[in-house]
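See structure below.
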Amino acid sequence: METIVQDGIRGFLHAAEGDARGGLVLTHGAGANCQTALLVAVSEAFAKNGFAVLRCDLAFRQRRPHGPPSPSTAAADRDGLRAVVAYLRERAEGAIVLGGHSYGGRQATMLAAEEPGVADALLLLSYPLHPPNKPAQLRTAHFPQLRTPALFVSGTKDPFGSPEELRAALELVPGRHELRLMQNAGHDLKRPAFDWGEIVAETVRLISGS
C-alpha cells in the first residue's frame, strides 16, 4: 500500500493483485475520513480481486480533520473526486469505478450526473437518500440524469433510507443500476459480517454489462 499526497490528492493506493480488472476510487462519509474500517475492508477485497484501489480524503476533510462538510464547498469535493479519477486512470488498467460511503457516494453520483463519462461505474455504499426521520427531504434531484451503471449497497436498517424508499427512488435512474441489500445492517455497514467479494463480483458484472 502506497501513501499518496500530491496535487490536492490525499489517500492510500492499494495495488491490484493477480490479473488486472480495473481501478476503484473510494471515499468516505460526512463524519469520517478514508481510514475507516469499512473503506479499508472494501479496498482490500477489491485489491485482492484485481483492482487498483485509491481510497481518498475529500477536499473538505483535507482542509480540516473534523466536522461535517458544507453545502457551499460540495463542488470542491466533486472537483477532488474528478482529479483522483484522472490520477488513477493513468495508473490502472481497465474500467474505473467511482465509489463512496454515504456523503462520498452522493457526491460521486452528482459528479456522474454532471459528467456521465467521468467513471465507468459507480459503487454506492449506504446512499443517504434523506436525513434520518426526514423522508420528505430526498436527495434525488439529479437521479434522472444518472446514466453511469451503478451498484447501490445498503443495510435494511439504514435510517437514511429504507429498502422500499430506495427501490422507489431508483425508479428515477435511467441508467443501469442494481440494489444489493445487507440484511440487518445499519448505515455504517459494520454488522453483520459480510463477504465483500460478492460486491466485487457484482461490480465486475455491472462493468461488463452481463
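The values are calculated or read from the model by the stated rules, or taken from the named source; none is laboratory data. Note that the coordinates shown come from a computational prediction; the quantities given were computed from them, not determined experimentally. When we count neighbours, we look across all protein chains shown, and the Cβ atoms used for this are built from the backbone with ideal geometry, even at glycine.
I'm checking my understanding of the structure. Among residues of the range 85-125 that are touching a Gly at 6+ places or on another chain (Cβ under 7 Å) and of a type in the set (V, I, T), which one is surrounded by the fewest Cβ atoms within 10 Å (Cβ to Cβ)?
Per the stated criteria, the residue is I96.
Filtering the range 31-46 down to residues that are buried (at least 17 other Cβ atoms within 10 Å of the Cβ) and outside any helix (DSSP H, G or I), which residue is nearest to the chain's Cα centre (by Cα)?
Result: C34.
Across the range 47-70, which residue is surrounded by the fewest Cβ atoms within 10 Å (Cβ to Cβ) among those that are at pLDDT 95 or above and in a helix (DSSP H, G or I)?
Here the answer is K48.
Among A112, A83, which is the only one that is free of Cβ contacts under 8 Å to residues at least 60 places away in the same chain, outside any loop (DSSP other than H, G, I, E, B) and small (G, A, S)?
Going through A112, A83 in turn, just one is free of Cβ contacts under 8 Å to residues at least 60 places away in the same chain, outside any loop (DSSP other than H, G, I, E, B) and small (G, A, S): A112.
Could you run through the range 176-203 and say how many residues are in contact with a Leu (Cβ under 8 Å, 6 or more places away or on another chain) and surrounded by 18 or more Cβ atoms within 10 Å (Cβ to Cβ)?
Qualifying residue count for the region: 5.
Within the range 53-106, how many residues are more than 20 Å from T36 (Cβ to Cβ), in contact with a strand residue (DSSP E or B) (Cβ under 6 Å, 6 or more places away or on another chain) and charged (D, E, K, R)?
So the answer is 1.
Inspect the range 129-144 for any residue being touching a strand residue (DSSP E or B) at 6+ places or on another chain (Cβ under 7 Å) and closer than 15 Å to G105 by Cα and give the result as yes or no.
No: the range 129-144 contains no residue that is touching a strand residue (DSSP E or B) at 6+ places or on another chain (Cβ under 7 Å) and closer than 15 Å to G105 by Cα.
Among the residues of the range 123-138, is there at least one that is closer than 24 Å to C56 by Cα and at pLDDT below 95?
no
I'm told G99 meets every condition in (1) assigned to a loop (DSSP other than H, G, I, E, B); (2) touching a helix residue (DSSP H, G or I) at 6+ places or on another chain (Cβ under 9 Å) except one. Can you identify the failing condition by its number?
The failed condition is (1).
Say we look at the range 13-30 and pick out the residues that are assigned to a loop (DSSP other than H, G, I, E, B), over 21 Å from R106 (Cβ atoms) and of a type in the set (A, V, I, L, M, F, W, C); which of these is farthest from the chain's Cα centre (by Cα)?
A20
Out of (1) crowded, with 18+ Cβ neighbours inside 10 Å; (2) touching a Pro at 6+ places or on another chain (Cβ under 9 Å); (3) farther than 24 Å from G23 by Cα; (4) of a type in the set (A, V, I, L, M, F, W, C), what's the single condition that is false for L206?
(3)
Please indicate, with yes or no, whether at least one residue in the range 168-177 is aliphatic (A, V, I, L, M), touching a strand residue (DSSP E or B) at 6+ places or on another chain (Cβ under 9 Å), more than 27 Å from F60 (Cα to Cα) and at pLDDT 95 or above.
yes
Is it the case that some residue within the range 74-81 is touching a helix residue (DSSP H, G or I) at 6+ places or on another chain (Cβ under 9 Å), surrounded by 14 or more Cβ atoms within 10 Å (Cβ to Cβ), under 21 Å from D195 (Cα atoms) and among the charged types (D, E, K, R)?
no
What pairs come out if I take residues in the range 191-210 that are outside any helix (DSSP H, G or I) and pair them with residues that are of a type outside the set (G, A, S) and surrounded by 12 or more Cβ atoms within 10 Å (Cβ to Cβ) whose C-beta lies under 6 Å away, six or more apart or interchain?
If the second residue must be of a type outside the set (G, A, S) and surrounded by 12 or more Cβ atoms within 10 Å (Cβ to Cβ), the pairs left are F194/M182.
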